[in-house]
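*Asks:* Sending over a structure as structure tokens; questions will come in a sec.
Derivation of every value follows stated rules applied to the coordinates shown; laboratory data play no part. Since the structure is predicted, the reported quantities are computational estimates derived from the model, not experimental observations. Every residue, glycine as well, gets a Cβ built from its backbone with ideal geometry; the counts of neighbours run over all protein chains shown.
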Ligand code: HEM
């Protein structure tokens, strides 16, 4: 009962604040179209927000921007490719990242790492990350994890498999190995390793939309909040231990190098690369910064990639002719034996690559938040200083101006050079753009291609007869897009 009372108090407070803010907005001339407050609140509390916040009416495409109140703040959402260009390509200090309330789980877990840092701190993170990501690209590590997945799936294959869950295990394993040379063992047994269970508790809290709307809930002494805090503490201990280990490893390597015992390898773990780069550049990166960056890479690269591959696997299950076309292509390039594709072979997989692109168009990561440092004009709208801006990649990716049958999953749209050339450059921004674009973009695309290609050789798959996803992919209620219980029937070929 008390939870309803709390909700009611917060509700009244929020409505009041909503009303009071109206006077401030009027100072700035033409009013930005506004999504009514109650439906937004309702959709956030009860179901996926995508219907109300992302599948927007035509009038918002006309204005290119709309406003919605989520909890204590107004969010201005950009749905125009031109406005997206303006905000994403400017100097990073002009439109810095919006810092969420410090009480929010997302801020507690991500800290001041590369994803949310601004100014000089971000520049240092980025300078160290760029070369580290280039050195960490390894089809071999990714492919080996897929081979482990096949072994794991052989005992599960008699029943439908929750593919998003499975892909999370794959991407966690890949990231663990690539980021800090650690195998979580998510594909070794059905029992989830303790640290991965903790990570999932953290993610659940980070992704809970109502907590963004009512940040006060994070302060309550609830069991859920306590479990979250304990999980973050345990995860931190785990990361700090790895950092110490890797520092020791690096020191040993240096000794070996001095005595010429060690050959340098082409691929390198992210953590080691960052430590090396910080020494070379004479940048003193502290333990907390390393911790923050490792959690940032780990978290930013896991759910996003899992969602994108889940969507590809879903559409290939729904359209068997697409699945056949993709498989024929993979077999013609790689052969019909299970093996890890090379980088050159991946480039040749034009149709598979089109599937990856189309999945990223349909379900990008809805998470680009910025804050204005001064009043700024977007077309005929002048937004006040401190306005929080959200770029809706999803709405831009479904703008009928650029996308015919925007809600149709159609890889063919990526195969016509003419169609691609005629599109607005900012009508497709799954990895954002400009100085703060996704640092893991190449990494994720490689991972998606490898997993899809190897799955296509090993399995055929379909939707179970009673699937809730028969008509379209049903999403669950989370901050990022993720499918709701997406079960798939796999069969070895
Ligand atoms: C399908 C997969 C992925 C998608 C759709 C995606 C999307 C994005 C987007 C839209 C941003 C900009 C966020 C913002 O402006 O607030 C971003 C940033 C970032 N992504 Fe990704 N990402 C993916 C995979 C990855 C992977 C695999 C990694 C790392 C292993 C990664 C690491 C990062 C980092 C560190 C940033 C922050 C960059 C900065 O601010 O300088 N992402 N990503």
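*Asks:* Does segment 375-493 come out rounded, prolate or oblate by the C-alpha gyration tensor, with a ≥ b ≥ c the root eigenvalues, rounded set by a/c under 1.5 and, if not, prolate when a/b is larger than b/c and oblate if not? Provide the component values of the computation, followed by the final result.
*Replies:* Working: a/c = 1.98, a/b = 1.74, b/c = 1.14.
It is prolate, given that a/c is not under 1.5 and a/b is the larger ratio.
*Asks:* Next up: Taking 0.36 nm per intervening residue step and subtracting the Cα-Cα distance, what contour gain separates residue 350 from residue 237 on full extension?
*Replies:* On the way: separation 113, 0.36 × 113 = 40.68 nm, distance 4.34 nm.
Result: 36.3 nm gained on full extension.
*Asks:* What is the fewest-to-most order of 256, 438 by other Cβ atoms lying within 10 Å of their Cβ?
*Replies:* Working: 256 11, 438 19.
In increasing order of surrounding Cβ atoms, one gets 256, 438.
*Asks:* Sort 424, 469, 397 by Cβ crowding within 10 Å, fewest neighbours at the top.
*Replies:* Details: 424 15, 469 19, 397 22.
Exposure proxy ranking, most exposed first: 424, 469, 397.
*Asks:* Given Cα pairs under 8 Å that are at least 6 residues apart, what percent is the relative contact order of segment 87-179? All intermediate terms of the calculation are to be shown ahead of the outcome.
*Replies:* Numbers: 37 pairs, mean separation 20.2, N = 93.
With pairs under 8 Å counted, the relative contact order is 22 percent.
*Asks:* So between residue 419 and residue 93, what do we pick up on full extension, going 0.36 nm a residue minus the alpha carbon distance? Mind showing how you got there, number by number?
*Replies:* On the way: separation 326, 0.36 × 326 = 117.36 nm, distance 3.44 nm.
Residue separation times 0.36 nm, minus the Cα-Cα distance, leaves 113.9 nm.
*Asks:* Using a basic spin-label model with each label point 7 Å from the Cα along Cα→Cβ, how many nm lie between residue 331 and residue 437?
*Replies:* 3.6
*Asks:* Oh, and also: How large is the helix-only mean residue ellipticity at 222 nm for the chain, computed as the sum of -39500 (n - 2.57) over DSSP H runs with n ≥ 4, divided by its residue count, in deg cm²/dmol to the nearest 500?
*Replies:* On the way: 20 runs with 265 residues, N = 493.
Per the formula, -17000 deg cm²/dmol.
*Asks:* Give the peptides 65-75, 449-459, 151-161, 88-98 in descending order of average Cβ contacts within 10 Å, highest first. Mind dumping the intermediate values first?
*Replies:* Working: 65-75: 20.2, 449-459: 22.6, 151-161: 13.2, 88-98: 16.1.
Top of the packing list down: 449-459, 65-75, 88-98, 151-161.
*Asks:* Another question, if that's okay. Cα gyration tensor of segment 313-426, axes a ≥ b ≥ c as square roots of the eigenvalues: rounded (a/c below 1.5), prolate (a/b > b/c) or oblate? Write out the running numbers ahead of the final one.
*Replies:* On the way: a/c = 2.82, a/b = 2.37, b/c = 1.19.
Because a/c hits 1.5 or more and a/b exceeds b/c, segment 313-426 counts as prolate.
*Asks:* For the chain, what does the relative contact order come out to in percent, with C-alpha contacts under 8 Å and a separation of six or more? Show your work: numbers first, answer last.
*Replies:* Numbers: 683 pairs, mean separation 118.6, N = 493.
Reported as a whole number, the value is 24 percent.
*Asks:* Need one word for segment 149-287: rounded, prolate or oblate. Basis is the Cα gyration tensor (sqrt eigenvalues a ≥ b ≥ c); a/c below 1.5 gives rounded, then a/b vs b/c decides. Don't skip to the answer; put the middle values down first.
*Replies:* Numbers: a/c = 2.78, a/b = 1.38, b/c = 2.02.
It is oblate, given that a/c is not under 1.5 and a/b is not larger than b/c.
*Asks:* What is the order of 175, 290, fewest Cβ neighbours within 10 Å to most?
*Replies:* Numbers: 175 26, 290 23.
Lowest count first: 290, 175.
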